[in-house]
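Visitor: Mind looking over this structure? Questions follow.
The values are calculated or read from the model by the stated rules, or taken from the named source; none is laboratory data. Keep in mind that this is a model prediction, so the values were computed, not measured. Please note: Cβ atoms are built from the backbone with ideal geometry, for glycine as well, and neighbour counts cover all protein chains shown.
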Amino acid sequence: MPRAGENHIPIAGNTKVEEHGAKGEGRRAAAAAAAAIRSMEGWDRGTKSVVGEIPLLSTRAGPRDGDAWRQRLKEEYRALISYTSVNKSKDNDWFRISAANPEGTRWEGTCWYVHNLRRYEFPLQFDIPVAYPQVAPEIELPTLDGKTHKMYRGGKICLTVHFKPLWAKNCPRFGIAHALCLGLAPWLAAEVPILVDSGMVKHKDDEGAPAEAAAASGSAAAS
Amino acid sequence: MEEELRALLRDLDALKQSADPTAIDRMRERVAGMVSPAAAAAAAVGAARSKIKDMSAEVVDSNPYSRLMALQRMGIVDNYERIRDYSVAIVGIGGVGSVAAEMLTRCGIGRLLLYDYDTVELANMNRLFFRPDQVGMTKTDAAVQTLSGINPDVVLESYSLNITTVKGFETFLGSLKAKSAHGCNTGVDLVLSCVDNYEARMVVNQACNELGQTWMESGVSEDAVSGHIQLLVPGETACFACAPPLVVASGVDERTLKREGVCAASLPTTMGVVAGLLIQNALKYLLKFGQVSPYLGYNSLKDYFPTMEMKPNPQCSNPACVQRQKEYMQSKPARDAAAKAKMEAEASAADECPVHVDNEWNISVLDDSDTATSSILSTAADSLPEGLVRELPTADSYQEPIAPVTSGAIDDDLEELQRQLDALNSS
Ligand SMILES: [Zn+2]
């Protein structure tokens, strides 16, 4: 059985920060990133090294802040582009996400996890909360709603005790990409194997047969 | 009842085809058996009382307010009937909010605004208030159903929406501002936060800071054994963003707390206690009796109730909070004059016994001066009363760029960035 988390948390890689903006800012960002990583007690080395490769954000603005939010949105895109590129370069691609409205306040996409060499894919969605970035987005996996206790109503994933303190400590420097890396990725690594092994989640190739059988018996009962 | 009637209809159809004469007798018996439960159900509906125009202090069995008006006769409350002038918004109609709403309804509050996005589930039945037959209804509609039956005098408004989304927030803000009949500053006199998460609390904080609206926050720990209530007056007390949230330490070692496979536990007892503490504080605030607690914790494992006060943080990250603080400081001379006048009036009026009772178990960290000077919150961790802890760390000190940084990268067009991400997504 592959180790949990292996498919999307590369172990290799230094804590390198992509420079974005002026040189001074780049140095400051590097220092901030180093500080962010130092504060990550209780996280595995792989996650630490990946999060260090996501550019940090600087604008403290939420979806009601007009032009400042547009600025923040640019930073969000830059971080997501960077994170997606890093994942692809390490053959560790594990999500797709894009804004679902022009204001960039709602995001939709998919994420997937490989367990026992099979890929399990889940739709992914969240709204940018009014109090963002002071509070993190609440990531939802609607198709898993009701299938695990590690979830709040509406399919919101239940984050680890480590996530919220780290997010609070790094406000406003963490963005959507960080929430995915530090919130969703560890959740999938911990919960998908349990969901699959317990039979709560079936691989899409296995879903056809039993569903058809159920439909057939259902129609028999009705006639 | 519906189930039985459907079965009856099916059997009647079968009867048409049947030649058995005794079948009609059996059918008659069944219908007769259904008459009296139906009559009882109708009587129960009929028992709902009609609206009452004025609260009466008359002590008769038929007066739902007699025991409440007795508070006035006993001198606890000056004017109980004023409760009918007040509007209270309750955000989160879960284990605490629903019970809080029932308490205010039974007390005869004027108007209740109820906010929740969730529906009633069987999994909620370990808590008070909701009934299994309400499963599937929105929590706000189910609450209105029950509350209007208990006290039809209360004006109930149901808002089934998620206040943390931009759209939900605008509706929330609008409904709080809408003027009520007696027309005070905003449409409500008090907002009660009974939500179960930090995200939603920050949203209530945002709305109340923008409106200058006094509110009370409540919470129960995820391990269900402790809770707290907190009074927040924008500009005057710490807002919810002034410092990391303060929670009661349960005394359970975090390392021994087993979190595998569960998000949160809940008990009807802890939630009922917290709802009771919250509404007691709300009644004291609205009807002006006793002392309104700025913060009251509840540790159920040790039956320990820590209290404290929190001053606003001049460096609060919430701009609306900083603005309210400025206004509060500017209004100090007027407040002082009013307080002096009140004291003089009271001094001339009375030899009455003092309202204050020594609470030797209470711990107050701050003195009573109301000047919001340097932040005591930066050293808050050291000065917290025993048994209280910060739920989250403070943000690392971080200099935000004064002006938007203008460099090649920052000038990127938003659409261009979107295109780049889309290209990555489709490759
Ligand atoms: Zn504040």
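Visitor: Would you check which residues across region B:321-340 are away from the ligand (no atom under 12 Å from the Cβ) and of a type in the set (A, V, I, L, M, F, W, C) and list them?
Guide: Answer for region B:321-340, where residues must be away from the ligand (no atom under 12 Å from the Cβ) and of a type in the set (A, V, I, L, M, F, W, C): B:M329, B:A334, B:A337, B:A338, B:A339.
Visitor: Does B:Y285 satisfy being more than 14 Å from chain A (Cβ to nearest Cβ), more than 16 Å from the ligand (Cβ to nearest atom) and over 17 Å from the mean Cα position of the chain (by Cα)?
Guide: no
Visitor: Within region B:276-306, can you find the residues that are in contact with a strand residue (DSSP E or B) (Cβ under 7 Å, 6 or more places away or on another chain) and under 17 Å from B:V225 (Cα atoms)?
Guide: Within region B:276-306, B:L277, B:L278, B:L296, B:G297, B:Y298, B:N299, B:S300, B:F305, B:P306 meet the criteria.
Visitor: What pairs come out if I take residues in region A:115-139 that are closer than 14 Å to A:L184 by Cβ and without any contact (Cβ under 8 Å) to a residue 60 or more places away in the chain and pair them with residues that are among the charged types (D, E, K, R) and not in a strand (DSSP E or B) whose C-beta lies under 7 Å away, six or more apart or interchain?
Guide: A:F126/A:E138; A:E138/B:E199
Visitor: Would you mind stating whether B:Q291 is modelled with pLDDT of 95 or more, assigned to a loop (DSSP other than H, G, I, E, B) and either away from the ligand (no atom under 16 Å from the Cβ) or within 14 Å of chain A (Cβ to nearest Cβ) (or both)?
Guide: Yes: the conditions hold for B:Q291.
Visitor: Okay, moving on. Could you tell me which of the residues A:R106, A:R70, A:R78 is under 15 Å from A:H178 (Cα atoms) and at the interface with chain B (Cβ under 9 Å from one of its Cβ atoms)? Write out each step before concluding.
Guide: Details: A:R106 fails: under 15 Å from A:H178 (Cα atoms); A:R70 fails: under 15 Å from A:H178 (Cα atoms).
Exactly one residue qualifies, and that residue is A:R78.
Visitor: Return yes or no: is B:V155 aliphatic (A, V, I, L, M), out of contact with any helix residue (DSSP H, G or I) (no Cβ under 7 Å at 6 or more places or on another chain) and over 18 Å from B:M271 (Cβ atoms)?
Guide: yes
Visitor: Considering only residues that are out of contact with any Phe, Trp or Tyr (no Cβ under 8 Å at 6 or more places or on another chain) and over 11 Å from A:G104 (Cα atoms), which ones fall in region A:61-83?
Guide: A:D65, A:G66, A:D67, A:A68, A:Q71, A:E75, A:R78, A:A79, A:L80, A:I81, A:S82, A:Y83
Visitor: State all residues of region A:164-178 that are over 9 Å from A:A136 (Cβ atoms), more than 8 Å from chain B (Cβ to nearest Cβ) and not aliphatic (A, V, I, L, M); if no residue qualifies, say none.
Guide: Answer for region A:164-178, where residues must be over 9 Å from A:A136 (Cβ atoms), more than 8 Å from chain B (Cβ to nearest Cβ) and not aliphatic (A, V, I, L, M): just A:G175.
Visitor: Hey, any hits in region B:195-205 for a residue that's away from chain A (no Cβ under 13 Å), touching a Phe, Trp or Tyr at 6+ places or on another chain (Cβ under 9 Å) and not in a loop (DSSP other than H, G, I, E, B)?
Guide: Within region B:195-205 (the criterion being away from chain A (no Cβ under 13 Å), touching a Phe, Trp or Tyr at 6+ places or on another chain (Cβ under 9 Å) and not in a loop (DSSP other than H, G, I, E, B)), the answer is no, since none of the residues qualifies.
Visitor: Determine whether region B:291-312 contains at least one residue that is free of Cβ contacts under 8 Å to residues at least 60 places away in the same chain and either crowded, with 22+ Cβ neighbours inside 10 Å or acidic (D, E) (or both).
Guide: Within region B:291-312, one or more residues are free of Cβ contacts under 8 Å to residues at least 60 places away in the same chain and either crowded, with 22+ Cβ neighbours inside 10 Å or acidic (D, E) (or both).
Visitor: Residue under question is B:A264, and the condition is that it be away from the ligand (no atom under 16 Å from the Cβ), more than 16 Å from the chain's Cα centre (by Cα), within 14 Å of chain A (Cβ to nearest Cβ) and surrounded by fewer than 21 Cβ atoms within 10 Å (Cβ to Cβ); does it hold?
Guide: yes
Visitor: Ok, one more. Filtering region B:209-242 down to residues that are of a type outside the set (G, A, S), touching a Cys at 6+ places or on another chain (Cβ under 8 Å) and not in a strand (DSSP E or B), which residue is farthest from the ligand (Cβ to nearest atom)? Outline the logic, then answer.
Guide: First pass over region B:209-242, keeping only residues of a type outside the set (G, A, S): B:209-211, B:213-217, B:220, B:222-223, B:225, B:228-234, B:236-237, B:239-240, B:242.
Next cut, touching a Cys at 6+ places or on another chain (Cβ under 8 Å) only: B:209, B:214-215, B:222, B:232, B:234, B:239, B:242.
Applying the additional criterion that residues be not in a strand (DSSP E or B) yields B:209, B:214, B:222, B:234, B:239, B:242.
Values: B:N209: 7, B:T214: 14, B:E222: 25, B:P234: 8, B:C239: 3, B:C242: 3 Å.
So the residue we want is B:E222.
Visitor: What is the residue count in region B:107-157 for residues that are under 26 Å from B:R201 (Cβ atoms) and part of a loop (DSSP other than H, G, I, E, B)?
Guide: Result for region B:107-157: 14.
Visitor: So, A:Y113, is that one within 12 Å of chain B (Cβ to nearest Cβ) and over 15 Å from A:L182 (Cβ atoms) or not?
Guide: It is false that A:Y113 is within 12 Å of chain B (Cβ to nearest Cβ) and over 15 Å from A:L182 (Cβ atoms).
Visitor: On the basis of being assigned to a loop (DSSP other than H, G, I, E, B) and buried (at least 22 other Cβ atoms within 10 Å of the Cβ), does A:A79 make the cut?
Guide: On the way: assigned to a loop (DSSP other than H, G, I, E, B): no; buried (at least 22 other Cβ atoms within 10 Å of the Cβ): yes.
Answer is no for this residue.
Visitor: Within region B:296-312, track down each residue that is modelled with pLDDT of 95 or more and either within 15 Å of the ligand (Cβ to nearest atom) or among the acidic types (D, E) (or both).
Guide: If the condition is that a residue be modelled with pLDDT of 95 or more and either within 15 Å of the ligand (Cβ to nearest atom) or among the acidic types (D, E) (or both), then B:P312 is the only one that fits.
Visitor: Looking at (1) more than 14 Å from every other protein chain (Cβ to nearest Cβ); (2) in a loop (DSSP other than H, G, I, E, B); (3) modelled with pLDDT of 85 or more, can you tell me which one B:R324 breaks?
Guide: Among (1) more than 14 Å from every other protein chain (Cβ to nearest Cβ); (2) in a loop (DSSP other than H, G, I, E, B); (3) modelled with pLDDT of 85 or more, B:R324 violates only (2).
Visitor: Give the residues of region B:128-157 that are crowded, with 20+ Cβ neighbours inside 10 Å and small (G, A, S), sorted by residue number.
Guide: Of everything in region B:128-157, those that are crowded, with 20+ Cβ neighbours inside 10 Å and small (G, A, S) turn out to be B:A142, B:A143.
Visitor: Moving on to the next point. Can you name the residue in region B:113-127 that is aliphatic (A, V, I, L, M) and either under 14 Å from B:M137 (Cβ atoms) or surrounded by fewer than 20 Cβ atoms within 10 Å (Cβ to Cβ) (or both) and is also nearest to the other protein chains (Cβ to nearest Cβ) among such residues?
Guide: B:A123
Visitor: Can you tell me which residue within region B:22-46, out of those that are among the β-branched types (V, I, T) and at pLDDT 65 or above, is farthest from B:L12 (Cα to Cα)? Please lay out each step first, then the result.
Guide: Filtering region B:22-46 for residues among the β-branched types (V, I, T) gives B:22, B:24, B:31, B:35, B:45.
If we keep only those that are at pLDDT 65 or above as well, we get B:22, B:24, B:31, B:35.
Numbers: B:T22: 13, B:I24: 9, B:V31: 11, B:V35: 17 Å.
For region B:22-46, the residue satisfying everything is B:V35.
Visitor: Here's a follow-up. Here's a check for you: in region B:52-97, which residue that is among the basic types (K, R) and either touching a His at 6+ places or on another chain (Cβ under 9 Å) or closer than 25 Å to B:T146 by Cα (or both) is modelled with the lowest pLDDT?
Guide: Taking region B:52-97 and keeping what is among the basic types (K, R), we get B:53, B:67, B:73, B:82, B:84.
From the residues that got through so far, the ones that are either touching a His at 6+ places or on another chain (Cβ under 9 Å) or closer than 25 Å to B:T146 by Cα (or both) too are B:53, B:67, B:82, B:84.
Values: B:K53: 85, B:R67: 89, B:R82: 94, B:R84: 93.
Among those that are among the basic types (K, R) and either touching a His at 6+ places or on another chain (Cβ under 9 Å) or closer than 25 Å to B:T146 by Cα (or both), it is B:K53.
Visitor: Sticking with this structure for a sec: In this structure, does A:P172 turn out to be in a loop (DSSP other than H, G, I, E, B) and surrounded by 22 or more Cβ atoms within 10 Å (Cβ to Cβ)? Even if it seems obvious, please write down each step before you answer.
Guide: Values: in a loop (DSSP other than H, G, I, E, B): yes; surrounded by 22 or more Cβ atoms within 10 Å (Cβ to Cβ): no.
When the stated conditions are applied, A:P172 does not pass them.
Visitor: Please verify whether B:L286 is assigned to a helix (DSSP H, G or I), touching a Phe, Trp or Tyr at 6+ places or on another chain (Cβ under 6 Å) and at pLDDT 90 or above, treating the condition exactly as stated.
Guide: So B:L286 fits the description; yes.
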